[in-house]
Amino acid sequence: MGEPGRRAVSELLPRLRRQHGVDLVIANGENSAGGSGITPKTAEEIFAAGVDIITSGDHLWDQKEVIGLLQNESRFLRPLNYPQGTPGQGSVVYQANNQAPVAIVNLQGRTFMPDLENPFTFIRAEVERLRQKTNIIFIDLHAEATSEKAALARMLDGQVSAVIGTHTHVQTADEQIFPGGTAFLSDAGFTGPHESIIGREIEPVIKRFLTLQPQRFAVAENGVKLQGAVVEINDHTGKAMNIQRVSEVLAAAKPKQD
């Protein structure tokens, strides 16, 4: 979420990669540019911090520069269930440092969201296709309703390694591994300023609710955290063995001395 979120990734992610022995980092970056959308410049900053794959969602088109990522960056995903002919890709098979190949899928829900193609029907064929290449399949399900996220994850239990939800900017406490071996978390939370209203300055949002008048929702600055989840997956079976939430506080910058 904006510059504070990018700063948290830059300062905290290298240590977290070492601490957890992480092989692959996936980040939803759709609000990295000023809190709305993503640009090649902000994407490069996120990649440079140690993120391997960037996913997106309903704010995909907020910055016109995104077309450059869609056309030229193989590490950037847009939701799979856009209509045929939409620029970009909805999935990728990524292999890092001689590790096992991992398929990453970006999917968008439809409940209380822009009306894309049905993710439930789209994902069945894609999972079948990807399982010909690897047993490890990770899905970023960008959706509003927890029921939609849980239903899709339950449908795919045993067929994919993990379904992690994004979009609401609120980290949930329902991490679990389903009977078939699929790890699930309704929402990974958000990386950015938590002394806020889902990342925006507080007063303008309250004023909007009070008056219904348009307001400028600037990105907040304080209480910055990095949030997400660490999923441990068996290389051979593709089944999840452990999932844990991550919520790390970025230390506030010390005031300059005279």
Original post:
Which members of the range 137-153 meet the condition of being open to solvent by 10 Å² or more (accessible area, probe 1.4 Å) and either farther than 24 Å from Pro83 by Cβ or part of a strand (DSSP E or B) (or both)?
Top reply: Phe138, Thr146, Ser147, Ala150
Subject >> Residue pairs meeting the criteria (Cβ under 6 Å; at least 6 apart or on separate chains; first within 17 Å of Val102 (Cβ to Cβ), in the range 36-59; second hydrophobic (A, V, I, L, M, F, W, C) and open to solvent by 40 Å² or more (accessible area, probe 1.4 Å)) >> reply: Asp52/Leu24; Ile53/Ile26
Original post:
Quick check: is even one residue across the range 70-91 of a type in the set (D, E, K, R) and touching a strand residue (DSSP E or B) at 6+ places or on another chain (Cβ under 7 Å)?
Top reply: yes
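Among Gln227, Gln171, Gln213, which is at pLDDT 95 or above, open to solvent by 20 Å² or more (accessible area, probe 1.4 Å), in a strand (DSSP E or B) and farther than 18 Å from Pro119 by Cα?
One residue alone meets the criteria, Gln227.
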Original post:
Can you tell me which residue in the range 95-109 is farthest from the chain's Cα centre (by Cα), limited to those that are surrounded by fewer than 19 Cβ atoms within 10 Å (Cβ to Cβ) and farther than 14 Å from Gly238 by Cα?
Top reply: Asn98
**OP:** Within the range 16-38, track down each residue that is more than 12 Å from the chain's Cα centre (by Cα), under 19 Å from Gln89 (Cβ atoms) and open to solvent by 20 Å² or more (accessible area, probe 1.4 Å).
**Re:** Leu24
Subject >> Subset of the range 183-195 (residues that are open to solvent by less than 10 Å² (accessible area, probe 1.4 Å), touching a helix residue (DSSP H, G or I) at 6+ places or on another chain (Cβ under 6 Å) and in a loop (DSSP other than H, G, I, E, B)) >> reply: Ser186
Original post:
Restricting attention to the range 1-15, does a residue exist that is under 14 Å from the mean Cα position of the chain (by Cα) and either over 21 Å from Val224 (Cα atoms) or part of a strand (DSSP E or B) (or both)?
Top reply: no
Original post:
If you take the residues in the range 39-53 that are of a type in the set (Asp, Glu) and either under 15 Å from Ser74 (Cα atoms) or not in a helix (DSSP H, G or I) (or both), which one is nearest to the chain's Cα centre (by Cα)?
Top reply: Asp52
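So which of Ile198, Ile177 ends up being under 16 Å from the mean Cα position of the chain (by Cα) and either among the β-branched types (Val, Ile, Thr) or open to solvent by less than 60 Å² (accessible area, probe 1.4 Å) (or both)?
The conditions single out Ile198.
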Original post:
Out of all the residues in the range 154-164, is one or more buried (at least 23 other Cβ atoms within 10 Å of the Cβ), of a type in the set (Lys, Arg) and closer than 23 Å to Asn81 by Cβ?
Top reply: no
Original post:
Can you find a residue in the range 66-75 that is under 23 Å from Gln171 (Cβ atoms), of a type outside the set (A, V, I, L, M), part of a loop (DSSP other than H, G, I, E, B) and open to solvent by less than 50 Å² (accessible area, probe 1.4 Å)?
Top reply: no
**OP:** Could you please find all residues in the range 103-136 being among the hydrophobic types (A, V, I, L, M, F, W, C), closer than 12 Å to Val92 by Cβ and not in a strand (DSSP E or B)?
**Re:** Leu130
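Here's the yes/no breakdown for (1) loosely packed, with under 12 Cβ neighbours inside 10 Å; (2) of a type in the set (A, V, I, L, M); (3) assigned to a strand (DSSP E or B):
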position	(1), (2), (3)
Phe217	no, no, no
Val231	no, yes, yes
Asp235	no, no, no
Asn242	yes, no, yes
Subject >> Pair list, Cβ < 8 Å and 6+ apart or interchain, from the range 207-220 residues that are among the polar types (S, T, N, Q) to residues that are open to solvent by less than 70 Å² (accessible area, probe 1.4 Å) >> reply: Gln215/Pro204; Gln215/Val205
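Here's a check for you: in the range 214-244, which residue that is touching a strand residue (DSSP E or B) at 6+ places or on another chain (Cβ under 8 Å) and charged (D, E, K, R) is nearest to Asp187 (Cα to Cα)?
Restricting attention to the range 214-244, the residues satisfying the condition of being touching a strand residue (DSSP E or B) at 6+ places or on another chain (Cβ under 8 Å) are 217-234, 238-244.
Pick out the ones that are also charged (D, E, K, R) and you get 221, 225, 232, 239.
Details: Glu221: 22, Lys225: 15, Glu232: 17, Lys239: 20 Å.
In this case the residue turns out to be Lys225.
The values are calculated or read from the model by the stated rules, or taken from the named source; none is laboratory data. Keep in mind that this is a model prediction, so the values were computed, not measured. Using ideal geometry, Cβ is built from the backbone for each residue, glycine included, and neighbour counts are taken over all protein chains shown. For accessibility, only protein heavy atoms count, side chains too; no ligands or nucleic acids. Shrake-Rupley method; radii C 1.70, N 1.55, O 1.52, S 1.80 Å.
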